[in-house]
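**Q** Take this structure first; my questions come after.
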Amino acid sequence: MTTSSEITTRTAIVTGAARGIGAGVAKRLAEDGLAVAVLDLDEAACKAVVDEIDAAGGRALAVGVDVADEEGVQTAVERVAAELGDPTVLVNNAGILRDNLLFKMSVSDWDAVMAVHLRGSFLLTRAVQGYMTKAGFGRIINLSSTSALGNRGQANYAAAKAGIQGFTKTLAFELGKFGVTANAIAPGFIETEMTKATADRLGVPFDEFKAFVVKDIPVARGGLPADIAHAASFFASEGAGFVSGQVLYVAGGPKA
Ligand code: NAP
């Protein structure tokens, strides 16, 4: 017999979830009652997030995988289904920066960014969609960025993040009739290792870098992973089934 808790327990996959926004999203979805697969390059690095979820009474699984590796992704998704349950919520969050002005940008800087953001989101989504269509329910949440609108030194990243928006809207068209929604979150400045690395690269202390960015943010503060997790929680929720193909800018104001 199926109990009501079995009916409502969903399994989510969050990529790049060992730290930063991904870790925040994984913990929030676990609080919302979902079992959560914490995917990142290094399985051991996922342990702290998994332990935190477990300690709070949730269920989580650490999985090491490179999202750009076709076979690895397939194996990882099958492992999640076997050990945690069929995944019907997917958050494509793994990301990297390889910033440089166009004339100094190498082909490997371009390819690396496309591989993680675009190829990675494609591979995960393709591997997971069968579980979603079978269940007649799915929630795909892709991490875009305000940089999708263009940002100096980020030709590769801006192109990938704009590409993610087109990818998301297409998923919404193709998968809607199976109960699957696809939406993108486009964060502005969020305090994570990624923005700390940008400050390092520019040779500016993080606090100074943050103050410089925050002076143009209407809500007058930097974003935190929890801000993005809150938006992801909404898109992942059962009640958000009529919201699809949207890009939500979570940037502390109306402009990127
Ligand atoms: P982060 O702190 O750098 O975390 C990214 C995570 O992704 C890291 O744990 C990283 O692992 C993992 N990762 C990188 N390449 C991977 C791969 N090939 N396979 C699996 N995992 C991989 O970044 P974040 O700031 O939390 O950003 C999360 C997402 O939000 C990204 O898509 C980013 O572009 C987007 N975003 C961030 C901001 C912001 O201000 N922070 C703004 C807009 C959009 P390693 O540590 O092992 O590399």
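**Q** Name the residues in the stretch 131-147 that are within 16 Å of the ligand (Cβ to nearest atom) and open to solvent by 20 Å² or more (accessible area, probe 1.4 Å), would you?
**A** Answer for the stretch 131-147, where residues must be within 16 Å of the ligand (Cβ to nearest atom) and open to solvent by 20 Å² or more (accessible area, probe 1.4 Å): just Thr146.
**Q** Another question about this same structure. Mind listing just one residue for me: the one in the stretch 92-109 that is aliphatic (A, V, I, L, M) and not in a loop (DSSP other than H, G, I, E, B) and, of those, least open to solvent (accessible area, probe 1.4 Å)?
**A** Ranking the candidates gives Val107 first.
**Q** Another question, then. Test Val89 against the criterion of being closer than 24 Å to Gln165 by Cα, part of a strand (DSSP E or B), away from the ligand (no atom under 15 Å from the Cβ) and open to solvent by less than 30 Å² (accessible area, probe 1.4 Å), and give yes or no.
**A** It is true that Val89 is closer than 24 Å to Gln165 by Cα, part of a strand (DSSP E or B), away from the ligand (no atom under 15 Å from the Cβ) and open to solvent by less than 30 Å² (accessible area, probe 1.4 Å).
**Q** Just to be sure before I move on: is Val116 part of a helix (DSSP H, G or I), in contact (Cβ under 8 Å) with a residue 24 or more places away in the chain and more than 19 Å from Glu193 (Cα to Cα) in the structure I sent?
**A** Answer is no for this residue.
**Q** Could you say which residue among Val204, Val214 is in contact with a Gly (Cβ under 7 Å, 6 or more places away or on another chain) and either of a type in the set (A, V, I, L, M, F, W, C) or within 15 Å of the ligand (Cβ to nearest atom) (or both)?
**A** Val214
**Q** Restricting attention to helices (runs of 4 or more DSSP H) lying wholly within the stretch 148-256, give those where 3 or more residues are buried (at least 21 other Cβ atoms within 10 Å of the Cβ).
**A** 155-175, 225-236
**Q** Touching a strand residue (DSSP E or B) at 6+ places or on another chain (Cβ under 7 Å) and more than 22 Å from Val243 (Cα to Cα): which single residue out of Asp69, Asp42, Asp51 fits that description?
**A** Answer to the selection: Asp42.
**Q** I would also like to ask the following. Among the residues of the stretch 199-206, are any in contact (Cβ under 8 Å) with a residue 40 or more places away in the chain and either touching an Asp or Glu at 6+ places or on another chain (Cβ under 8 Å) or closer than 26 Å to Val14 by Cα (or both)?
**A** Checking the stretch 199-206: at least one residue is in contact (Cβ under 8 Å) with a residue 40 or more places away in the chain and either touching an Asp or Glu at 6+ places or on another chain (Cβ under 8 Å) or closer than 26 Å to Val14 by Cα (or both).
**Q** Give me the strands (runs of 3 or more DSSP E) completely within the stretch 1-81, filtered to those with at least 1 residues that are touching a residue at least 60 places away in the same chain (Cβ under 8 Å) and among the hydroxyl-bearing types (Ser, Thr, Tyr), ordered by residue number.
**A** In the stretch 1-81, the matching strands (runs of 3 or more DSSP E) lie at 11-15.
**Q** Of the residues Ala82, Ala112, which is open to solvent by 40 Å² or more (accessible area, probe 1.4 Å), aliphatic (A, V, I, L, M) and either within 10 Å of the ligand (Cβ to nearest atom) or out of contact with any Gly (no Cβ under 9 Å at 6 or more places or on another chain) (or both)?
**A** Answer to the selection: Ala82.
The values are calculated or read from the model by the stated rules, or taken from the named source; none is laboratory data. Worth saying up front: this structure is predicted, and the values here are computed from it rather than measured. For neighbour counting, all protein chains shown are included, and Cβ atoms are generated from backbone atoms with ideal geometry for every residue, glycine included. Each accessible area value is taken on the protein alone, full model and side chains, heavy atoms only, with ligands, DNA and RNA left out. Shrake-Rupley method; radii C 1.70, N 1.55, O 1.52, S 1.80 Å.
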